[in-house]
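Before any comments, here is the structure.
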DNA sequence: TAGACGATAGCCT
DNA sequence: GGCTATCGTCTAA
């Protein structure tokens with residue numbers, strides 16, 4: 001894929017899909033985790049540019065799940081999870097990475113879907129610039145173009161990577177993901193056939209690790225781990 | 001208040 | 001596959 005492909009699209013010409021309604025997040029959390037596959041994550045940056053990503057990997061965390069941060073009850077960190085559905089719950093882990101979750105279930109019931117990977121869509125070059133802030137205007141060599149193509153495949157592959165590419169941190173905590181006026185929201189996307197959805201166990205947890213609550217799109221090159 | 005731990009990712013062997 | 005950077009959060013004392 002040519003490196004310059006996404007750089008020229010005038011932002012004002014973008015026609016973005018409609019945000020998902022709040023009712024979407026009131027479905028059972030496992031259903032939401034599956035249904036979010038193929039949906040569009042829309043990010044409006046401080047400079048007014050917009051980038052999108054197609055969600056290709058999710059994990060579900062429910063209120064009776066020992067791996068869920070809210071398992072032991074409400075704390076300052078988990079307050080957002082106990083709030084109304086359709087909001088962003090963003091937490092830091094390992095002191096390094098932010099992870100983006102969509103809050104599900106009615107207010108008072110703390111459940112969420114972790115968005116683990118996206119496929120860069122509109123304005124992928126903007127995501128690349130966030131990931132590697134030093135941008136050069138010099139023509140890319142063949143090796144550099146190959147390295148860049150490799151990075152395009154991985155810059156949204158993993159919860160920490162995608163928040164870095166989307167420049168999302170605690171400032172976006174509790175953002176209403178159903179409001180298209182917000183800096184980040186989730187919109188409709190493409191339908192994913194049932195046989196394209198892989199159900200497997202979650203990654204990187206010690207409690208509740210046996211639960212098959214991770215979902216990804218089989219044919220996607222952009223999932224974090226198979 | 002101190003210490004342990006963690007929904008990760010990059011680098012090295 | 002192993003190691004580790006690095007810090008917010010929680011728990012125990």
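Give the shape of region A:39-102 as rounded, prolate or oblate, defined through the alpha-carbon gyration tensor: a ≥ b ≥ c are the square roots of its eigenvalues, a/c under 1.5 means rounded, and otherwise the shape is prolate if a/b is larger than b/c and oblate if not.
prolate
Determine the relative contact order of chain A: mean sequence separation of Cα pairs under 8 Å and six or more apart, normalised by residue count, in whole percent.
Computed value for chain A: 28 percent relative contact order.
For each of A:65, A:169, A:46, count neighbouring Cβ atoms within 10 Å of the residue's Cβ, then give the residues from fewest to most.
If I rank by nearby Cβ atoms, fewest first, I get A:46, A:169, A:65.
Picking from A:200, A:80, A:40, which is most flexible by a Gaussian network model of chain A using Cα springs under 10 Å?
Maximum fluctuation in the GNM of chain A, among the listed residues, is at A:200.
Can you tell me how much longer the chain between residue A:94 and residue A:195 gets when fully stretched, taken as 0.36 nm per residue apart minus their C-alpha distance, in nm with one decimal?
Net length gain for the segment: 32.9 nm.
Would you mind getting me the FRET efficiency between residue A:75 and residue A:46? Use the beta-carbon distance for r and R0 = 25 Å, nearest 0.05.
Between residue A:75 and residue A:46 the formula returns 0.25.
Shape verdict for chain A, please, from the Cα gyration tensor: rounded (a/c under 1.5), prolate (a/b greater than b/c) or oblate.
Verdict is prolate for chain A.
With angles folded into 0 to 90 degrees, how steeply does helix A:142-154 sit against the dominant principal axis of chain A? Use alpha carbons for both and round to 10.
For A:142-154 against chain A, the angle is about 20 degrees.
In deg cm²/dmol and to the nearest 500, what is the mean residue ellipticity at 222 nm of chain A if only DSSP H runs of at least 4 residues count, each as -39500 (n - 2.57), divided by the residue total?
Counting only the DSSP helices, I get -4500 deg cm²/dmol.
Run the numbers on region A:163-226 and let me know its relative contact order in percent, using alpha-carbon pairs under 8 Å that are six or more apart.
19 percent
Would you work out the relative contact order for region A:152-199, in percent, from Cα pairs under 8 angstrom that are 6 or more residues apart?
Dividing the mean separation by the residue count of region A:152-199 yields 16 percent.
Is region A:168-226 rounded, prolate or oblate when judged by the Cα gyration tensor, a ≥ b ≥ c being the square roots of its eigenvalues, rounded requiring a/c under 1.5 and prolate requiring a/b larger than b/c?
In terms of gyration-tensor shape, oblate.
Coordinate-derived values only; no laboratory data. Computed from a predicted model, the values in this text were never measured in an experiment. Here the Cβ is made from the backbone with ideal geometry for all residues, glycine too, and neighbour counts use every protein chain on show.
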